[in-house]
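Only one structure is covered here, and it is reproduced in the block below.
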Amino acid sequence: MLQVRGLSVVFDGFRAIDGIDLSVEQGELRFLIGPNGAGKTTLVDVITGLTRPTTGEVLFDGRDLVGLREHRIVRLGVGRTFQTSVVFEELTVLENLDLAASFRSPLRSLVRRRRGISAAVAEALETTGLQSLADRPAGVLSHGQRQWLEIGMLITQNPRLLLLDEPVAGMSKDERERTGELLTSVARDHTVIVIEHDMEFLRRYASQVTVLHEGKVLIEGSVDQVRADPRVQEVYLGRKRSDAVGTGS
Amino acid sequence: GDGAAAAGAGDDGIKVGILHSLSGTMAISEVTVRDAELLAIKEINAAGGVLGKKLVPVVEDGASDWPTFAEKATKLIRQDKVAATFGGWTSASRKAMLPVFERSKALLWYPVQYEGLESSPYIFYTGATTNQQIIPALDYLKEQGRKKLFLVGSDYVFPRTANKIIKAYAAANGMEILGEEYTPLGHTEYGTLTNKVVQAKPDAVFNTLNGDSNVAFFKQLNSAGVTAEKMPVLSVSVAEEEVKGIGVDNIAGHPVAWNYYQTTETPANEKFVAAFKAEYGADKVTSDPMEAGYNAVHLWAEAVKKAGTVEVEAVRKAAGGIALERPEGLVTIDGENQHMYKTARIGVIQPDGLIKEVWNSGRPIKPDPYLKGYPWASGLASG
Amino acid sequence: MLSVRDLDAGYGRARVLFGVSLEVEPGRLVCVMGRNGVGKTTLLNTVMGVLPATAGSVVFDGRDVTRLAPHERVRLGMAYVPQGHETFPQLSVLGNLQVTLEAAGGPPEVLEEALETFPRLKPLLKRPAGFLSGGQQQQLAIARALVTRPRLLILDEPTEGIQPSIIIEIEEAIERLHASGLAILLVEQYLDLALRLADRFLILDAGHVVHSGAAEELRGEEIHRLLAV
Amino acid sequence: MNPALLARLRGPGVFAAVAVLALVVAPLLLEPFRLNLLAKYLCFAIVALGIGLAWGQGGMLVLGQGVFFGLGGYAMGMHLKLVDARGDLPDFMVWSGVEQLPALWKPFANPVFALFMVVAGPMLIAAVLGLLVFRQRVRGAYFAILTQALAAAFVILLVGQQGLTGGTNGLTNFFELFGRDLAADSTQRGLYFVVAIVTGLLYLGARQLVNSRFGRLLVAVRDGEDRVRFLGYDPARVKTVTFVISAGMAGLAGALFVPVVGIISPALLGVVPSLELVVAVAVGGRFALAGAILGAVVMGYAKTSFSEQFADGWLYLQGALFILVMTLAPRGILGLVSAARDAPARRAARRAGPPEPGPAGPGTIRAMEEVT
Amino acid sequence: MEAFLNQLPIGLSIGAVLLLIALGLTFTFGQMGVINMAHGEFIMAGAYTAYLLQDLTGRTAVIVALPVAFLVAGLMGLVLERAAIRHFYGRPLDTLLLTWGVSLVLQQLARDLFGAPNVQVQAPTWLQGGLGPLPYNRLFIFALALATVVGVWAYMNRTGQGRRMQAVMQNRQLAAVSGIDTGRVDQRTFFIGSGLAGVAGVALTLIGPVGPALGTYYIVDAFLVVVAGGLGQLRGAVIAAAGLGLLNSYAEFWSDASLAKVIVFAAIIAFLQFRPQGLFVVRSRALT
Ligand SMILES: Nc1ncnc2c1ncn2[C@@H]1O[C@H](COP(=O)(O)OP(=O)(O)OP(=O)(O)O)[C@@H](O)[C@H]1O
Ligand SMILES: Nc1ncnc2c1ncn2[C@@H]1O[C@H](COP(=O)(O)OP(=O)(O)OP(=O)(O)O)[C@@H](O)[C@H]1O
Ligand SMILES: NC(N)=O
Ligand SMILES: [Mg+2]
Ligand SMILES: [Mg+2]
C-alpha cells in the first residue's frame, strides 16, 4: 500500500532523513518510534507533501506522491494529524468536523447551507466525546481537546492511510486508552501509521514497530523485539527505569 | 435647475460658490486662489455689494478629486442655489464640472490657464488659453534663437494637448523637438529624465509639469549642473508660489510664461498686492491664477450690475464686452467664447523669488481656444 | 513561596477556574493533575499573569503579584514552561537561550548549566528553533526556563512528546532541581512520574479543586477514582 | 413568542425594515440631489460588500478594489460615450488627437457586450491574478501590498493612455442612458431604485454564501490556509473564487456609479479611494456583511456632511472618526450594536467572570461575537 | 552608450532612496507586522524638521537635522504606538486602517501648520555639483543609506535589544513569560522604525518637494521594497531596493516614467511567482 524507497531529506546540508526504505501493508497498524529529531515527523511531512524529499520516492498504491500538492494527496486517501494540533479556531467544533467530512463534494455544492448533521460527523462527535462542545468555537478547546478534534476530523475523512503524529501526547491515562481502542478499531479496515513516544501505549496497541534513528531505519519488528534491542535501549529508551516510564500504576 | 440662479439673490445676500481643492495634492495651488477670490468678495461687499446685496461665499472642498468637484458643484447649485461658482484648477476638475453646469444652466468661473479646445456657454475662462500663453512662449523662444526643444510634462490632458500644439508650431516654424516625456502627477524621481534631457542637448526645455513634480525636477536638474544660461527651462505652470517651494537657488534665471506677475506694474496691481498682503500676511506672494480668480469675481459682479440681475442668461449676455483694468492690465470679456482678452508676458525668475517681466505681447490678445487663427494648428481641433 | 487564594479566571464570558487555592512551600514540588480541559493550563497561565485573575490573589514570596505583568513575575524568580513546546522560531537555539538570559539578567554561566542538562541541544545551537523536532523544542523550552535561575519553576506537561530516555533525564533533572531547593509547580499526565516526584497533589475537575493533599494520601484506588471520567 | 424564534426572525426583520427605509422612506423624504448621493453611497456599499467577503470572511485584505470598480465603470462609461457620440468620435478623443475609434472601443457600442464586460472584465482579471498569486501562496500583507500596487499601476496606466481612456479626466459628460435623459430627475430616481435593489440582492446572495459550507471553508482558509490543504481542499481555488466574486461586485458597482454620478476617472480607482472603502468596511464592522454596507453608507455620508460643514478641516474629522472607531470599537459599528445587545448578558457574566479582553484578546472571542 | 551607463548610478541612487524610506518599515512592518500608513507622514515630519532648523543653522540644516528628525519622528511614532497601535498587536491588517487615519490627520495638520504650498530646504553648498552623472547630494543619500543599513543590522543582530525585539515579534506571549517587557520592546521598536522615517525625510529634502503630501509619494514604493525583500529581512530590503531602483531607471530610460512604474509592478508580481514570500523567506515548520 505504502512504499517509501531510498528517501532522503537534506536541510541546508543537514540530513534529517538519510535513505529510508519502508513498506506498510494494507490494514496494518504501524508504529513509528525513535529519538527526538530522528526524522519521524519529517517522514510524515514528505509522505503528505509538506516537505519535498531530496531523493527517493513515495509510492501509494503504486503512485508516486512526490511532487503532488498537499490537497491532491489527501484526495488520494492519505490523511494526517499534526504534532501540534491545528484546528480552525473560529469555526465551531461541529463546523470543523463538517468541513473535514465534506472535502469530496465539489466546491459549488458547498454553496448550500448546511442543514443538520451528517452521520459521519455525528459519529465523530460521539467518538471524540466532544458533543457538549459541538457549538463552541474550536479556539476555546484545551490542548487535549484539540487533539481529539483533530483525530475526529481525520476519521470523518475516511482516508485509506492515516498518519498520526503523537496523538496521545498530553492525554490522561484513560484518554490514551480510549485513543488506543479507537485506533485499533480504525485499523481493522484502514492502514494506520502512528508516531508515539509512549511505550506503555505502544506495548498495548502496537504489533509492528519501526524505529528511526538519525534519519535511518534502525530496526523493524514486534514491540518485544524492538524493546529488547540494545541499540534501541541505547538511543531511545535509556537503560535505567526504562520500563517505569509510561507505565500506569 | 432653471430658477436656481434667480434664487441666489435671497434677502440676506447673494450666495456665490467657491469650489477649490482645500485638501489633497492640488491644495498646494488652489488654496491661494480661494484666498484671492474671498478677497475680491470682501472688496465688493465693502463697496456695498452688488444690486444692493452682500455676497455670501459658500466654500466647498473639491479635495483634488474630480467626481467630488462634480458633487460639490451640484450641491452648490441645487441646495445652496448660488448665483455663480468660482472654482477649479486642473482641467480634469473643469471637465468633471462642465456637464453639471451645462445641465443646470448655472455659471462657473474658471481661473487657470488651460489647454483650450473648449468653450462652454456656462463657463467663463479667466485664465489664458493656449494662444495667450503657450504660443507667445514659443514665439519668445524662437526670438531667442532656441530652436531645439525638449518637452517635459505631467501626464494629463493639459500638458499633452499643449505639447501637441507645440509640435505643430515647431513643424511650422522650423523648430525641432528632441524629446517628449511625461511623468505621473506627483512623480518625484527625475534622475533618468534629467539624464535624457542632458544627453539630448536641447536649446531649451518646455516644461508643462504641474504641482510638486516641479520641485523635484528643478532640484535634480540643478544638481545635475543644468543652468539657465546653457539650457533655459521655460515653465507654464510655475508661478511665484511654486518658486518658494522649489527654492530660488534651483530655478533662478529660468523663464516662465503667464499673463500676470506680482511685479506687473499697473495701478490695479499695486492695490491688489497690498490688499492681499494686508489680508493674508506680508510674506505672501500673488500669482497669475490667483489674480485670475480675483478678476473672475470682479468681472462677474460687473456683469451682474450691468444686467441688473443675477439671472444666468442675463449675466451671460451682459458679460460680453465688459472691459476692466485689472492687475494684469486691461481685460475684456470675449462675448463669443467667454474667454478673456489677455496680455501675454514672459518673465524670468529673480534671486528674490519674484518674477521679472522680460517680454510682453504689447496688447491684450484675443482669445482663440480652438486656434482657428493659426493655419498650422488646423489639424489639432478637428481630430 | 507561592500562595494562590480563591482564584477565578476564564476567557471572555466563559469562566474556567472557580476559587482555586494552592500552596507551594519553598523547596516543595506540587503536581496538578486532571483530565483534558479541566483548567490546568488556565491555572498556570493565571498564576503567571498571562491571563488576568478575575478574583482571588497570587502571592509569591510574600508579595502580592496578582496585578503584575508576566515579565515582572519572572524578575521576581518565577519561570514558566508553557504547554506545547513553544519557541522563538526564527531565533537560533542559542538566541532563544540568550534572549531569556539577557532579559533575566543572569550570569552567562547559567547558559552552560542549562546546556549540560540537555546536551542534545549542543549540536543544534545554530539551528533556528522553528526547525527543531517537537522533542528538541521541548528540551529547549525547559532549558530556556532554567537560564533565568528561578526560585519557582512552573512546568506544563514537560514530558509531552519526549522520547523515553530523555523523559528519564528530565525526571532526574527535576529531581535534582527539587533537591537543590527549587520550588516546582508541575502539570503532568504521567501518573507514576508525578507520583515519584511530587510532594503534594492537586486534582482539578471542571475548574474546581476536587482533591489536594500529600503524595502519600493519593496512592491506590483513590486517585483512579478522582482522575477517571 | 419564544426567544429562539425571535432571534431567528430578527435578521429578516431588520432586513425588511431597512428595505422599507431604502425603497419607500428615502425616496419620499430626500430631495433628488440627496437621493442621488445615497445612490452613490450604495454603489460604494456594493464594493464594500465584496470587500467584506474577501477581507472580513476570507482574510484577503484587498487594497485595490478600485481597479475592478474602474473596469466596470469604464466599460459602462465607454458604452455611454459611444451612444452619445452617435457614430462620431467621443469628445475627448477629438481633443486627444485620436482619429479613428480604437478597436478596443468598438464592441462597447453594443449594450449587451458592455453590460457583460462590466462584470466579466473584472472577474477575468481577478481570476488570472488570483490564480497566479494564490497558487504561489502569496498572502497576508504581501497580498495586501500587491493589490495596492496594482491600484497604483492601474491608475498610471489609465492616465497614460489618454486617447483611449480620457486620461486623468476620465470619461464624463454623458447625456443618455438607454434612451433616457440621464440628467432628468426621474431617470436618477429610477437609477436609485435599481442601485438599492441590486445592493439588497447582492447582500442576500453574499449572505447565503457566507452561511454555506463554502463560507465556513473560507473562514478556515483565512485562519489556517495550510491546514485546509490537509483537509483535501485547494485554498487557492477557494480564495480565487471569493476574490473573483468580490471583483465582480466591484465591477457592477462601478457600472452603476457611472450613470449615477456622471463620471468615471482614475481619481476614483487609485490607492486612496480603494483604501477608503476598506476603511468603510472596518468602520461598519468587517466580520459581518451588513457591517460593510453600513460602513460604506455611514462613511460616505460622513464624508459629504463633514466636508460640507467644515470645508477646511473636515479631514481631521474624517481621520479622527476612524481612529476612534478603530481604537474604541475595533469590531466596527455593528460590533458596538451587538455588544449593546449582549450587554445585559455580559454584565451578568462580568459579575461572575473576568473583564472583556482587549481588542487583542484571543481570536476565538471574535468568533463568538460574530454577527451575520 | 554614455546615457546608458549613466543609468547605472542613477538606478542605484534611486535604490538608495527607496532603501532609506523603507528601512524604518523593516522595523514597524517587518518586525511588528504593523502596516503603518503614517510612515510617509513621519518622513514628512523629518523633512519639516530640517525646514524648521534652517532658521537656526542655515545651510547645514540637513546635517544637524538628521539626529533631530530621528528624535522627532521617533517620538511621534512612540506616541502613536502608546495611544493606539498597542491595542492592535496580532491584527496587522487593522493597523493599516488606523494609521491611515493618522496619516490623513497629520497631512492636514502639516497643511495648517506650514501652509499648503511647498517649503524650501536649502542644501549645503558643498553638496552642490557632482561627480559625473551623480550629483553630490545623491552620493550623500547613498552614503546615508549605507550607514543606516549597517547600523540597523548591527542593532538587530548584535545587541540584546535587537534580539529581544525579534523574540517579542515571534512569540509575544512566550516573550512575556520569558521575562521580556514586551511593552517596552514595542515602544522601542516603533520609536526606531519611525525615527528612521524621519532620517529619510531629511534626505529627501535634497531632491524632492517638502510639503504636506510628501509622504504619499513614497509610501507605496516603500512597502513594495519591503514586500519584495521579504518581511523584516534587511538583506532582502537592500537587494530589493537596489533591484527596483535599477529596474526603474532602465525601464524609464527605455520607455517613460509611467510605463516604468507599471513595469516595476509587473516585475514584482512575476517575481513573487518564484519567491512568494519575497527574496528572503522566514521559514519555520509551523503551519499557518
Ligand atoms: N526545515 C528544517 N531545517 C533544518 N533542520 C530541520 C528542518 N526540519 C527538521 N529539521 C531537523 O530534522 C531533524 C528531524 O526532525 P523531525 O521533526 O522529523 O524529528 P522527529 O523524529 O519528529 O522528532 P520528535 O519526536 O522530537 O518530534 C531534527 O533534528 C530537526 O531539527
Ligand atoms: N482561549 C480560550 N477561550 C475560551 N475558553 C478556553 C480557552 N482556552 C481554554 N478554554 C477552555 O478552558 C477549559 C480549560 O482549558 P485548559 O487549557 O486550562 O485545560 P487543561 O486542563 O490544560 O487541558 P489539557 O490537559 O488538554 O491541556 C477548557 O474547557 C477549554 O475549553
Ligand atoms: N489647466 C491646467 N493647468 O490643468
Ligand atoms: Mg516529531
Ligand atoms: Mg493544558
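The values are calculated or read from the model by the stated rules, or taken from the named source; none is laboratory data. Given the structure is predicted, the values throughout are model-derived calculations rather than measurements. When we count neighbours, we look across all protein chains shown, and the Cβ atoms used for this are built from the backbone with ideal geometry, even at glycine. Quick note on the areas: whole protein, heavy atoms, side chains included, nothing else; ligands and nucleic acids left out. Shrake-Rupley method; radii C 1.70, N 1.55, O 1.52, S 1.80 Å.
Given A:LEU163, A:LEU133, A:LEU154, A:LEU110, which one is within 16 Å of ligand 4 (Cβ to nearest atom) and within 13 Å of chain D (Cβ to nearest Cβ)? Even if it seems obvious, please write down each step before you answer.
Numbers: A:LEU133 fails: within 16 Å of ligand 4 (Cβ to nearest atom); A:LEU154 fails: within 16 Å of ligand 4 (Cβ to nearest atom); A:LEU110 fails: within 16 Å of ligand 4 (Cβ to nearest atom).
The match here is A:LEU163.
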Open item on the list: One residue is enough: does the range B:366-378 have a residue meeting the conditions surrounded by fewer than 16 Cβ atoms within 10 Å (Cβ to Cβ) and within 14 Å of chain D (Cβ to nearest Cβ)?
Closed with: yes
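It is to be established whether one or more residues within the range A:138-151 are closer than 28 Å to D:LEU204 by Cα and more than 16 Å from ligand 3 (Cβ to nearest atom). It would help to see each step written out before you state the result.
Of the residues in the range A:138-151, the ones closer than 28 Å to D:LEU204 by Cα are A:138.
Narrowing further to those that are more than 16 Å from ligand 3 (Cβ to nearest atom): A:138.
Yes, there is a match, as at least one residue in the range A:138-151 is closer than 28 Å to D:LEU204 by Cα and more than 16 Å from ligand 3 (Cβ to nearest atom).
Quick test for you: out of C:ILE203, C:ILE142, pick the one residue that is within 16 Å of the chain's Cα centre (by Cα), modelled with pLDDT of 90 or more and either within 16 Å of ligand 2 (Cβ to nearest atom) or of a type in the set (D, E, K, R) (or both). So that I can check it myself, show each step before the final result.
Working: C:ILE142 fails: either within 16 Å of ligand 2 (Cβ to nearest atom) or of a type in the set (D, E, K, R) (or both).
Going through C:ILE203, C:ILE142 in turn, the sole match is C:ILE203.
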Open item on the list: I need the full set of residues from the range C:140-179 which are within 7 Å of chain A (Cβ to nearest Cβ) and in contact (Cβ under 8 Å) with a residue 24 or more places away in the chain, in order please.
Closed with: C:GLU157, C:GLU160, C:GLY161, C:ILE162, C:GLN163, C:ILE166, C:ILE167
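Would you mind listing the helices (runs of 4 or more DSSP H) fully within the range D:109-220 where at least 3 residues are within 14 Å of chain B (Cβ to nearest Cβ)? It would help to see each step written out before you state the result.
Values: elements: D:111-135, D:140-160, D:162-165, D:185-211.
Helices (runs of 4 or more DSSP H) meeting the threshold: D:140-160, D:162-165, D:185-211.
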Task: Enumeration of residues in the range A:14-40 that are crowded, with 24+ Cβ neighbours inside 10 Å and either within 11 Å of A:ILE195 (Cβ to Cβ) or within 16 Å of ligand 3 (Cβ to nearest atom) (or both) - done: A:LEU32, A:ILE33, A:GLY34, A:ALA38, A:GLY39, A:LYS40
- [ ] Answer yes if at least one residue in the range C:89-112 is under 30 Å from C:PHE201 (Cβ atoms), within 16 Å of ligand 1 (Cβ to nearest atom) and within 14 Å of chain A (Cβ to nearest Cβ), and no otherwise.
- [x] no
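Say whether the condition of being more than 16 Å from ligand 1 (Cβ to nearest atom), within 14 Å of chain A (Cβ to nearest Cβ) and farther than 15 Å from C:VAL209 by Cα is met by at least one residue in the range C:35-44.
Kept after step one, since they are more than 16 Å from ligand 1 (Cβ to nearest atom), are these residues of the range C:35-44: C:35-44.
Filter once more, keeping what is within 14 Å of chain A (Cβ to nearest Cβ): C:35-44.
Okay, now just the ones that are also farther than 15 Å from C:VAL209 by Cα, so none.
Taking every residue of the range C:35-44 in turn, none turns out to be more than 16 Å from ligand 1 (Cβ to nearest atom), within 14 Å of chain A (Cβ to nearest Cβ) and farther than 15 Å from C:VAL209 by Cα.
Does at least one position in the range B:96-109 carry a residue that is in a loop (DSSP other than H, G, I, E, B), within 13 Å of ligand 3 (Cβ to nearest atom) and open to solvent by less than 10 Å² (accessible area, probe 1.4 Å)?
Looking for residues that are in a loop (DSSP other than H, G, I, E, B), within 13 Å of ligand 3 (Cβ to nearest atom) and open to solvent by less than 10 Å² (accessible area, probe 1.4 Å), one finds none in the range B:96-109, hence no.
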Open item on the list: I'm trying to understand the selection: among the residues of the range B:115-167, which are buried (at least 24 other Cβ atoms within 10 Å of the Cβ), without any contact (Cβ under 8 Å) to a residue 60 or more places away in the chain and part of a loop (DSSP other than H, G, I, E, B)?
Closed with: B:ASP155
- [ ] May I ask you to list pairs of residues, at least six apart or on different chains, whose Cβ atoms are under 9 Å apart, with the first in the range B:323-344 being polar (S, T, N, Q) and the second being open to solvent by 50 Å² or more (accessible area, probe 1.4 Å) and not in a loop (DSSP other than H, G, I, E, B)?
- [x] B:THR332/B:ALA323; B:THR332/B:TYR341; B:GLN338/B:ARG316; B:THR343/B:LEU330; B:THR343/B:ASN360
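Take the residues of the range B:52-95 that are in a strand (DSSP E or B) and more than 10 Å from every other protein chain (Cβ to nearest Cβ): which is farthest from D:GLY254 (Cα to Cα)? Don't jump to the end; show me each part of the working.
In the first step, residues of the range B:52-95 are kept if they are in a strand (DSSP E or B); the result is B:53, B:55-61, B:85-87.
If we keep only those that are more than 10 Å from every other protein chain (Cβ to nearest Cβ) too, we end up with B:53, B:55-57, B:85-87.
On the way: B:LYS53: 44, B:LEU55: 39, B:VAL56: 37, B:PRO57: 34, B:THR85: 29, B:PHE86: 30, B:GLY87: 27 Å.
Checking each candidate, the answer is B:LYS53.
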- [ ] Taking the residues in the range A:79-88 that are modelled with pLDDT of 90 or more and part of a loop (DSSP other than H, G, I, E, B) as candidates, determine which candidate is nearest to ligand 1 (Cβ to nearest atom).
- [x] A:PHE82
Task: Condition met for A:HIS143 (open to solvent by 10 Å² or more (accessible area, probe 1.4 Å) and within 16 Å of ligand 5 (Cβ to nearest atom)) - done: yes
Task: Of all residues making up the range D:322-335, the number that are touching a residue at least 40 places away in the same chain (Cβ under 8 Å) and part of a helix (DSSP H, G or I) - done: 7
Task: The listed residue being more than 24 Å from A:ALA187 (Cα to Cα), under 18 Å from the mean Cα position of the chain (by Cα) and within 16 Å of ligand 4 (Cβ to nearest atom), out of A:THR84, A:THR51 - done: A:THR51
Open item on the list: Restricting to the range E:130-162, give me the number of residues that are facing another protein chain (nearest Cβ under 7 Å), in contact with a Gly (Cβ under 8 Å, 6 or more places away or on another chain) and either in a loop (DSSP other than H, G, I, E, B) or surrounded by fewer than 22 Cβ atoms within 10 Å (Cβ to Cβ) (or both).
Closed with: 1
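Report whether or not B:GLN262 is closer than 23 Å to B:VAL50 by Cα and at pLDDT 95 or above.
Details: closer than 23 Å to B:VAL50 by Cα: no; at pLDDT 95 or above: yes.
Spelling it out, it is not the case that B:GLN262 is closer than 23 Å to B:VAL50 by Cα and at pLDDT 95 or above.
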Task: Residue within the range E:79-100 that is within 11 Å of chain B (Cβ to nearest Cβ), surrounded by fewer than 23 Cβ atoms within 10 Å (Cβ to Cβ) and assigned to a helix (DSSP H, G or I) present - done: no
TODO: Give the residue that is most open to solvent (accessible area, probe 1.4 Å), with candidates limited to residues of the range A:1-13 that are away from ligand 4 (no atom under 16 Å from the Cβ) and within 14 Å of another protein chain (Cβ to nearest Cβ).
DONE: A:ASP12
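Just for the range C:57-102: of the residues that are of a type in the set (S, T, N, Q) and assigned to a strand (DSSP E or B), which one is farthest from C:ARG120 (Cα to Cα)?
If we filter the range C:57-102 for residues that are of a type in the set (S, T, N, Q), which is where we start, we get C:57, C:66, C:83, C:87, C:90, C:92, C:96, C:98, C:100.
From what's left, assigned to a strand (DSSP E or B): C:57, C:92.
Values: C:SER57: 39, C:SER92: 15 Å.
By that ranking, first place goes to C:SER57.
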Open item on the list: With the requirement that a residue be in a helix (DSSP H, G or I) and more than 14 Å from chain B (Cβ to nearest Cβ), what does the range E:20-40 give you?
Closed with: E:ALA22, E:LEU23, E:GLY24, E:LEU25, E:THR26, E:PHE27, E:THR28, E:PHE29, E:GLY30, E:GLN31, E:HIS39
Task: Tally of residues being open to solvent by less than 10 Å² (accessible area, probe 1.4 Å) and either among the hydroxyl-bearing types (Ser, Thr, Tyr) or closer than 29 Å to D:SER212 by Cα (or both) across the range D:242-288 - done: 22
- [ ] Would you mind stating whether E:ILE43 is of a type in the set (A, V, I, L, M), within 13 Å of another protein chain (Cβ to nearest Cβ) and not in a helix (DSSP H, G or I)?
- [x] no
TODO: Can you tell me which residue within the range A:22-38, out of those that are touching a His at 6+ places or on another chain (Cβ under 8 Å) and on the phi > 0 side of the Ramachandran plot, is nearest to ligand 4 (Cβ to nearest atom)?
DONE: A:GLY34
TODO: Evaluate the following for A:LEU97: is it within 16 Å of ligand 4 (Cβ to nearest atom), among the aliphatic types (A, V, I, L, M) and touching a residue at least 12 places away in the same chain (Cβ under 8 Å)?
DONE: no
- [ ] Give the residue that is modelled with the lowest pLDDT, with candidates limited to residues of the range A:166-195 that are within 16 Å of ligand 4 (Cβ to nearest atom) and assigned to a loop (DSSP other than H, G, I, E, B).
- [x] A:GLY170
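Within the range B:118-133, does at least one residue satisfy the condition of being on the phi > 0 side of the Ramachandran plot and within 14 Å of chain D (Cβ to nearest Cβ)? Talk me through it step by step, then tell me what you get.
Step one: filter the range B:118-133 for residues on the phi > 0 side of the Ramachandran plot, giving none.
No - not one qualifying residue is present in the range B:118-133.
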